[in-house]
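Reading through the structure tokens given below for one structure.
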């Protein structure tokens, strides 16, 4: 049984508007992304099967790193997705997908807060590499209100070097 109430997500996510490149503004630490990563981006596009291709890029110790995965909505809201970064031939294996739930997105689709229902993963994303501090604080407050522990939050540096 979860120690958290259900994670609230947006009522309906317009996937077409969500596609494109997002800059990571902040994240909770995860083993798949070194803490030394800068200039982190996530680019979403539709693949030939109609699923969402996820292309994550960062600069780590001067080198561009890239990870390509696939996401699929798990309900009619499109706000709750499952993501896998396994090689294409292994994506059918059960229990290998991560939760990617859109908690909040602004009306213009320029800022998004994304997390997992177990509160282990959190991302604050924006269409630009910098975010107004007041807007950033607003979204982080929303995350805290939803039960995310923000003590270990990493504020992603953007140096102007292109990882996208």
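Every residue, every condition in (1) at pLDDT 95 or above; (2) surrounded by fewer than 17 Cβ atoms within 10 Å (Cβ to Cβ); (3) over 18 Å from residue 54 (Cα atoms); (4) out of contact with any helix residue (DSSP H, G or I) (no Cβ under 6 Å at 6 or more places or on another chain), yes or no:
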| residue | (1), (2), (3), (4) |
| --- | --- |
| 88 | no, yes, no, yes |
| 91 | no, yes, no, yes |
| 119 | yes, no, yes, yes |
| 124 | yes, no, no, no |
| 143 | yes, no, yes, yes |
| 151 | yes, yes, yes, yes |
| 156 | yes, no, yes, yes |
| 160 | no, yes, yes, yes |
| 163 | no, no, no, yes |
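Within the stretch 95-109, is there a residue that is at pLDDT 95 or above, within 17 Å of the chain's Cα centre (by Cα) and loosely packed, with under 15 Cβ neighbours inside 10 Å? Scanning the stretch 95-109, I find at least one residue that is at pLDDT 95 or above, within 17 Å of the chain's Cα centre (by Cα) and loosely packed, with under 15 Cβ neighbours inside 10 Å, so the answer is yes.
What do you reckon, is residue 139 more than 13 Å from the chain's Cα centre (by Cα), buried (at least 17 other Cβ atoms within 10 Å of the Cβ), closer than 24 Å to residue 55 by Cα and at pLDDT 95 or above? Yes: the conditions hold for residue 139.
Just checking, does the stretch 4-27 include any residue being within 21 Å of residue 99 (Cβ to Cβ), exposed (fewer than 15 other Cβ atoms within 10 Å of the Cβ) and free of Cβ contacts under 8 Å to residues at least 60 places away in the same chain? The answer is no, given that none of the residues of the stretch 4-27 is within 21 Å of residue 99 (Cβ to Cβ), exposed (fewer than 15 other Cβ atoms within 10 Å of the Cβ) and free of Cβ contacts under 8 Å to residues at least 60 places away in the same chain.
The set of residues from the stretch 9-30 being modelled with pLDDT under 95 and part of a loop (DSSP other than H, G, I, E, B) comprises just one member, 29.
Taken over the stretch 41-58, the residue count meeting the criterion of being surrounded by fewer than 19 Cβ atoms within 10 Å (Cβ to Cβ) and closer than 19 Å to residue 128 by Cα is 4. Checking the structure you have, find out if any residue of the stretch 31-39 is part of a strand (DSSP E or B), within 13 Å of the chain's Cα centre (by Cα) and either surrounded by 11 or more Cβ atoms within 10 Å (Cβ to Cβ) or free of Cβ contacts under 8 Å to residues at least 12 places away in the same chain (or both). Yes, because at least one residue in the stretch 31-39 is part of a strand (DSSP E or B), within 13 Å of the chain's Cα centre (by Cα) and either surrounded by 11 or more Cβ atoms within 10 Å (Cβ to Cβ) or free of Cβ contacts under 8 Å to residues at least 12 places away in the same chain (or both).
Residues of the stretch 59-82 that are within 13 Å of the chain's Cα centre (by Cα), without any contact (Cβ under 8 Å) to a residue 60 or more places away in the chain and crowded, with 16+ Cβ neighbours inside 10 Å: 69, 70, 71, 81.
The values are calculated or read from the model by the stated rules, or taken from the named source; none is laboratory data. Everything quoted here is computed from the prediction, not taken from an experiment. Note that we place each Cβ from the backbone using ideal geometry, even for glycine, and neighbour counts take in every protein chain shown.
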